[in-house]
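The values are calculated or read from the model by the stated rules, or taken from the named source; none is laboratory data. Bear in mind the structure is a predicted one, so any value in this text is a computation, not a measurement. Virtual Cβ from ideal backbone geometry, glycine too; neighbours counted across all protein chains shown. Calculation scope for accessible area: heavy atoms of the full protein, side chains included, ligands and nucleic acids excluded. Shrake-Rupley method; radii C 1.70, N 1.55, O 1.52, S 1.80 Å.
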Amino acid sequence: MLDNADVLDSINAVDWAAIPGRAGWYSPECAAAGLRDLASATSNLEAAKAASRLAGGGIIHDHSGAVFPAAVVAAPFLLDILEHGRPKAQGAALDLLSCSLTHEPFAGYTRVDTPSVKGVPLCCAIAEQIRARDDALGAQGHGARSLLADTAEHWRFEVRDVAAEYEATAVFGLLGGTFPDGAHAAELHDGRRIIQLAAVTLEIPPNADSDEACLRLIGVPVDRVRAGAVLYPAVCGERVH
């Protein structure tokens with residue numbers, strides 16, 4: 001079960017007002033209070049009221065289909081509630097995570113810095129946190145499994161090794177999520193640089209026992225890529241409300 005005291009302390013420790021968000025739309029007070037109330041909710045009414053605060057400017061603005069950077073910070077709390085919370089709150093947490101993943105950010109508030117990568121699209125930063133709980137969420141029922149399926153579209157590839165190919169560069173590393181069939185635009189994150197790549201294909205897919213895979217970066221010189229860089233779908237970086 002959810003350790004309510006620890007979760008509430010962690011929510012209170014966040015400086016929600018310091019998280020950037022579009023003025024007049026993002027409400028730090030709703031983020032903090034909504035998460036506290038959802039973690040403590042014991043009835044449908046309490047869960048619905050807490051979710052309404054979070055969806056009305058706390059982490060998303062559901063009516064307009066917008067998501068705020070605060071949703072990235074809120075994701076681990078919502079995942080805790082989904083995994084260990086009371087049944088009345090679990091459904092609300094699932095809906096909020098799904099909306100956070102699919103809603104679009106406002107211009108100027110489309111990216112966040114994660115502990116390992118700078119300038120990550122909001123949806124991809126949320127997806128990384130969901131994917132880290134895939135084993136536990138897979139046992140949470142159809143709704144959680146559907147969330148994991150949506151999360152897989154926001155793939156992430158961490159480069160471990162690089163090799164030159166004819167008119168391309170092969171990168172070997174770890175793939176999180178599902179790389180779609182065919183060639184797709186991607187963005188390569190290397191430090192604070194974000195390099196737009198026109199065409200990336202999956203050369204060697206991961207298997208059931210490992211996330212190791214190989215991507216082919218078409219038309220990219222080998223000296224433009226180094227180990228430690230991370231790739232994300234370009235379409236995620238282009239999303240804006």
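At a Förster distance of 25 Å, what's the computed FRET efficiency of T114 paired with S43, Cβ-Cβ distance as r, to 0.05?
The pair T114/S43 has a calculated efficiency of 0.10.
What residues from the range 137-171 fall in the zone where the backbone N is under 18 Å from a label point 7 Å along the Cα-to-C-beta line of E212?
Zone members listed by number: 157-164, 170-171.
Would you work out the charge dipole size for the chain about its Cα centre, treating the Cβ of every Lys and Arg as +1 and the Cβ of every Asp and Glu as -1, and quote it to the nearest 20 debye?
Approximately 580 debye in magnitude.
Among A66, A23, P121, whose Cα projects farthest towards the positive end of the dipole of the chain, with charges put on the beta-carbon of Lys, Arg (+1) and Asp, Glu (-1)?
Of A66, A23, P121, it is A23.
Evaluate the charge dipole of the range 1-45 about its Cα centre and quote only its size in Debye, nearest 20, assuming +1 on the Cβ of each Lys and Arg and -1 on the Cβ of each Asp and Glu.
That gives the range 1-45 a dipole magnitude of about 220 debye.
Can you list the equivalent-ellipsoid semi-axes of the range 9-128, largest first and in whole Å, using the square root of 5 times each Cα gyration tensor eigenvalue?
That gives 22, 15, 13 Å for the three semi-axes.
Give the relative contact order (percent, whole number) for the range 1-157; include only Cα pairs under 8 Å separated by 6+ residues.
The normalised contact order for the range 1-157 reaches 20 percent.
Whole number in Å², please: accessible area per residue of the chain, 1.4 Å probe, ligands, DNA and RNA not counted.
Here the residues of the chain average 47 Å² of exposed surface.
Given a 1.4 angstrom probe, I'd like the percentage of the accessible area of the range 171-233 that is carbon and sulfur, rounded to a whole number.
Here carbon and sulfur together make up 51 percent of the probe-accessible area.
If r is the Cβ-Cβ distance from A183 to A5 and R0 is 35 Å, what FRET efficiency results, to the nearest 0.05?
0.10
If all Cα-Cα distances of the range 153-241 are sorted into 5 Å bins from 0 onward, what percent lands in each bin, rounded to whole numbers?
3, 15, 28, 29, 16, 6, 2, 0
Could you give me the ³J(HN,Hα) list for the range 37-53, computed from phi with Karplus coefficients 6.51, -1.76, 1.60 and θ = phi - 60°, whole Hz, x at Gly and Pro?
Taking θ as phi minus 60°, the curve returns 5, 5, 5, 9, 4, 10, 10, 4, 5, 5, 5, 5, 5, 5, 5, 5, 5 Hz for the range 37-53.
Could you tell me, in Å, what Rg and Dmax come out for the Cα atoms of the range 82-204?
16.4, 56
Does a label point 7 Å from the Cα of D134, set along Cα-to-beta-carbon, have any residues of the range 212-241 with amide nitrogen under 17 Å, and which are they?
212-215, 231-233
Given the C-alpha centroids of the range 61-112 and the range 158-185, what is the distance between them in whole angstrom?
If we compute the Cα centre of each part, the gap is 30 Å.
Please give the charge dipole size of the range 155-241, origin at the Cα centre, charges +1 on K and R Cβ atoms and -1 on D and E Cβ atoms. Round to the nearest 20 debye.
380 debye
Tell me, what HN-Hα J-couplings in whole Hz come from the Karplus equation 6.51 cos²θ - 1.76 cosθ + 1.60 at θ = phi - 60° for each residue of the range 173-186, using x for Gly and Pro?
Running phi through 6.51 cos²θ - 1.76 cosθ + 1.60 with θ = phi - 60° gives x, 10, 9, x, x, 10, 7, x, 5, x, 9, 9, 5, 9 Hz.
Give me the percent of the accessible area of the range 1-70 that comes from carbon and sulfur atoms, probe 1.4 Å, all protein chains in place.
Answer for the range 1-70: carbon and sulfur cover 52 percent of the accessible area.
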